[in-house]
Amino acid sequence: MRPKATLYAAALSFATVGAFVLSTGAASSHGYTDSPISRQKLCANGTVANCGAIQWEPQSVEGPKGFPSSGPADGQICSGNNTRFSQLDSPRTPSGGAWPTTKVTGGQSFTFRWQFTAMHATTDFKYYVTKQGWNQNHALTRADLNTTPFLTVPFGGQRPPSTVSHSGTLPSGLSGHHVILGVWTIADTGNAFYACSDVTF
């Protein structure tokens with residue numbers, strides 16, 4: 001696939017893995033990315049310690065939809081405006097170290113994967129990445145991001161399986177540490193789910 005400002009996936013590959021799991025969190029809290037691994041998943045699997053409530057409910061990062069024109073406030077994007085998950089917004093882990101990163105290569109295909117504990121009717125999945133030279137020393141803001149998604153996967157109101165994967169081309173011209181923001185927009189509520197993944201190009 002050729003990289004574009006907005007890339008519509010030519011094909012979606014769906015994989016259902018494991019049994020359906022009922023959410024133990026809030027009634028509308030149900031999904032996260034594990035490829036590239038998100039901050040909430042790093043907290044849930046114990047790679048990053050002392051994360052607070054998010055370690056028990058990585059699927060719960062839900063906030064207003066409509067990003068970037070609306071949605072979570074600047075500085076609260078990674079937590080989806082949930083103050084109890086504020087550890088996700090910090091540029092450093094709770095222990096003061098750097099967030100672990102996934103190695104990626106610009107201009108090459110990458111498979112993004114979401115895990116769900118409940119499957120909502122879905123408008124689309126969109127992916128954003130930080131600009132070259134972005135300010136890594138504060139909580140993520142719109143000014144840090146290229147607010148045109150580099151990948152958009154329409155879903156037409158369908159409900160995804162418990163695991164969904166789709167591939168797209170990563171932007172070229174980036175190097176070093178960046179954040180990829182995944183946004184899963186729900187069709188029949190006013191909300192979306194947010195996942196910040198730290199990567200190294």
(request) In a Gaussian network model over the chain where Cα atoms closer than 10 Å are linked, find which of 132, 40, 76 has the largest mean-square fluctuation. (result) 132
(request) Note down the magnitude of the dipole of the chain about its Cα centre, charges +1 on Lys and Arg C-beta and -1 on Asp and Glu C-beta and zero elsewhere, to the nearest 20 debye. (result) 320 debye
(message) Using a Debye calculation, one point per C-alpha and no hydration shell, please list log10 I(q)/I(0) for the chain at q = 0.10, 0.13, 0.14, 0.19 Å⁻¹ in order.
(response) -0.36, -0.63, -0.74, -1.50
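Here, each number is a calculation from the coordinates, and none is a lab measurement. For clarity, every value in this text was computed on a predicted model and none was experimentally measured. Please note: Cβ atoms are built from the backbone with ideal geometry, for glycine as well, and neighbour counts cover all protein chains shown.
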